[in-house]
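Some notes on the structure that comes next.
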């Protein structure tokens, strides 16, 4: 048990050292440890319309990473899936979340601050907001988005991810 905790802490601290929010300066006087408040992060345009993202640790292009995802009021993420597991905690606001290949608002479940959502790899899911939300997300591998319906893929913008091949 102690070995597992020590290994987990070691991995977390290693990833935390790779943070990109506000550069590499020591924000809180903790040496190589990176710790952020929402007010400390540098938001960039996100991969969906009405979204912003702040990567805190790791690299979404190459592997495991942790980020904040901010969704504006009414933001809608169409049915999609990822090649790796996704872990999300609602930090603020409300997100409506559902599992399935078609966007069906009646199936959505409402989640507020403190709620945790685990999405196994290759599970089609979708989400939207009423009033906006901030999610704290960890992915166990590189970021990819496979749209269930190609026509739902957002028009690429500055924060967009390269198109993934649906499998």
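In region 65-99, which residue that is part of a loop (DSSP other than H, G, I, E, B) and under 20 Å from residue 139 (Cα atoms) is farthest from the chain's Cα centre (by Cα)?
If we filter region 65-99 for residues that are part of a loop (DSSP other than H, G, I, E, B), which is where we start, we get 72-75, 82-85.
Subsequent filtering for residues that are under 20 Å from residue 139 (Cα atoms) retains 82-85.
Values: 82: 11, 83: 14, 84: 12, 85: 11 Å.
Applying the filter and picking the extreme gives 83.
Can you say whether residue 108 is at pLDDT 95 or above, touching a helix residue (DSSP H, G or I) at 6+ places or on another chain (Cβ under 8 Å) and more than 16 Å from residue 38 (Cβ to Cβ), as far as the supplied structure shows? Break it down stepwise before answering.
Working: at pLDDT 95 or above: yes; touching a helix residue (DSSP H, G or I) at 6+ places or on another chain (Cβ under 8 Å): no; more than 16 Å from residue 38 (Cβ to Cβ): yes.
So residue 108 does not fit the description; no.
The values are calculated or read from the model by the stated rules, or taken from the named source; none is laboratory data. Since we're looking at a predicted model, the values are computed, not measured. Positions of Cβ are backbone-derived with ideal geometry, glycine not excepted, and every protein chain shown enters the neighbour counts.
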